[in-house]
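The values are calculated or read from the model by the stated rules, or taken from the named source; none is laboratory data. Remember, predicted model here, so these are calculated numbers, not experimental data. Cβ sites come from the backbone with ideal geometry, for glycine too, and all protein chains shown count toward neighbours. The accessibility values were calculated without ligands, DNA or RNA, using every heavy atom of the protein model including side chains. Shrake-Rupley method; radii C 1.70, N 1.55, O 1.52, S 1.80 Å.
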Amino acid sequence: MKAIFDEASAIAVTLTVNGTTSALRVPPLRRLLDVLREDLSLTGTKEGCGEGECGACTVIVDGRAELACMVPVCQVDGAVVRTVESTELESLQNAFLAEGGAQCGICTPGMIVMARAWLAECESAGVAPTVDGAREALAGNLCRCTGYEKILASVMRAAGVKT
Amino acid sequence: MKAFILSNPKSVKDALQLLAVARDSKQAKAIQPLAGGQDLLTEMKEHLAEPDRLVNLKGIAELDYLRNLDGKVQIGALATLARMEKNNLLNEHARVLFEAAHSIASPQIRSVGTIGGNLNQRPRCLYYRLEEANCLKKGGKECFAYSGMNRYNAILGGGPSYIVHPSDLAPALIALDATVFIAGRTGPREMPLESYYKLPSVGDVRTETVREPDELLLSVSFQLPAPGTRSTYLKFKERESYDFALASVALVLGFDGDVIRHARLVLGGVAPVPWRVRAAEAALVGQKADTQTAEKAAELALAGAVPLSGNAFKIPLTKSLIVRAIRSLA
């Protein structure tokens, strides 16, 4: 990937990540994932498959859950991004701790961020969160350790729903 | 991934001007439009696409809409799949499209993926996606699926390539009699979406549509179905969480009481193009949506199927889906 990142093709991009605005000069097709992890040192977002199949790198871009490995930075100039480091994810993080929703931890940031996007969507649509809804919302997030039950329990705990 | 130049046109006119060089066949693969990128970026990572210039369409506001103009639904190429699966108009009046949009990939990919990209996505055949395999779709001499691993390949319309078209929106939109609008250096043109797709035996085997390299898909439109119309999209996936279709059925039935007056049946995941089956549609009209009628339509729909060594299971699978879809609308 390095070969394409010559200075000549770099573009100016502004991103607001977890409330902090940064101006960057980056190659246009640099992945949002690399900008977050390498340029902004926010290593909470993990790379799993790198091709849009595992959901580990899920971040919230202008309110929508997207895969940071599949988003070129040129398409999100000016965006408001939230990652697992966002303080507003604390209740979900605590729920994952309480329920044992994390094991090896690679999928966890994506799970937490996706769950946050889904819970926000439920709230704005006036829909009560259900386990089935959570299962569907997390369909694009793979976990190889937990068998998902603890993850669903964590999300439902954060949603304030007894399972 | 190899180096390339990125262009950011702000209008369709500017984008078409950039793409005009692709009219020269030597340049055809050197320049490519980029929308949500959920297919193209993976192709570039695997060296399946290596454009010198990418034309980023995301800055073209005039391509991002989903509107209802006096009963005619118009969807711009940049409308996301998430927008379609959350749209009340589609939910109430065009369930087939609503359900098809929801069935695609994962929520994160639906946030970004567009209707234009979905309709133009490239095949998922294992050999096509394998960088090392120089298959027919990549200018090679052989369709390796024909004699190799072909569980996911075509049972209808195959030859000389046996890909299946991966789009879920295409069968649904064809079942709604949708029209597609495209434009290029020689001006705009429109056609039934059904005619947009072409079999591998027609023209260049490497392409799946009649769109020229200098052309852009601008929008899709269809009339909202008449009152008394019901529709559904049934998709069978090997993996329930998210996957491409092993087989799918897009069905639109117009009823007068309990008698079918209008029928559209289009199959996905079984042929190199969305596979509309007129014989089955004709067999449905004038009948009730009962099991006997449904089974007859299913038999007609798969009558010409020729399975490869590893995918005969798709025949009973698709028949079952057709019967289930028809019964669900009764």
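Condition check: open to solvent by less than 10 Å² (accessible area, probe 1.4 Å), part of a loop (DSSP other than H, G, I, E, B) and within 14 Å of chain B (Cβ to nearest Cβ). Does residue A:111 satisfy that?
Taking the combined requirement at face value, the residue does not satisfy it.
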Exercise. Determine whether residue B:254 is open to solvent by less than 70 Å² (accessible area, probe 1.4 Å), in contact (Cβ under 8 Å) with a residue 12 or more places away in the chain and in contact with a strand residue (DSSP E or B) (Cβ under 8 Å, 6 or more places away or on another chain).
Key: yes
Exercise. Select from the range A:114-127 the residues that are of a type outside the set (A, V, I, L, M, F, W, C) and outside any helix (DSSP H, G or I) and list them in ascending order.
Key: A:126
Practice problem: Those residues that are outside any loop (DSSP other than H, G, I, E, B) and open to solvent by 40 Å² or more (accessible area, probe 1.4 Å), I need them from the range B:230-251; list them, please. | Solution: B:230, B:234, B:236
Practice problem: State which residue pairs qualify: first residue away from every other protein chain (no Cβ under 14 Å) and farther than 20 Å from residue A:103 by Cα and inside the range A:123-150, second residue at pLDDT 95 or above and buried (at least 19 other Cβ atoms within 10 Å of the Cβ) in any location, beta carbons under 8 Å apart, and separation of 6 or more residues or different chains. | Solution: A:129/A:118; A:129/A:119; A:129/A:155; A:129/A:156; A:129/A:159; A:131/A:152; A:131/A:156
Quiz item: In the range B:96-108, what residues are among the aliphatic types (A, V, I, L, M) and part of a loop (DSSP other than H, G, I, E, B)?
Solution: B:104, B:105
Quiz prompt | Filter pass, residue A:162 being over 12 Å from the mean Cα position of the chain (by Cα), of a type in the set (Lys, Arg), farther than 28 Å from residue A:13 by Cα and at pLDDT below 95 | solution = yes
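Can residue A:104 be described as surrounded by fewer than 14 Cβ atoms within 10 Å (Cβ to Cβ) and assigned to a loop (DSSP other than H, G, I, E, B)? Walk me through it before giving the result.
On the way: surrounded by fewer than 14 Cβ atoms within 10 Å (Cβ to Cβ): yes; assigned to a loop (DSSP other than H, G, I, E, B): yes.
In short, yes.
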Quiz item: Exactly one of (1) part of a helix (DSSP H, G or I); (2) within 13 Å of chain B (Cβ to nearest Cβ) is unmet by residue A:94. Its number?
Solution: (2)
Practice problem: For the range B:177-188, name all the residues that are within 15 Å of the chain's Cα centre (by Cα) and open to solvent by less than 10 Å² (accessible area, probe 1.4 Å). | Solution: B:178, B:180
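Taking the condition away from chain A (no Cβ under 11 Å), of a type outside the set (A, V, I, L, M), over 25 Å from residue B:250 (Cβ atoms) and part of a helix (DSSP H, G or I), does residue B:43 pass?
Numbers: away from chain A (no Cβ under 11 Å): no; of a type outside the set (A, V, I, L, M): yes; over 25 Å from residue B:250 (Cβ atoms): yes; part of a helix (DSSP H, G or I): yes.
Judged against the criteria, residue B:43 is not a match.
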Self-check item: Positions within the range B:208-223 being of a type outside the set (D, E, K, R) and open to solvent by 40 Å² or more (accessible area, probe 1.4 Å), in sequence order
Solution: B:210, B:213, B:223
Quiz item: Just checking, how many residues over the range A:128-160 are open to solvent by 30 Å² or more (accessible area, probe 1.4 Å), among the hydrophobic types (A, V, I, L, M, F, W, C) and part of a helix (DSSP H, G or I)?
Solution: 2
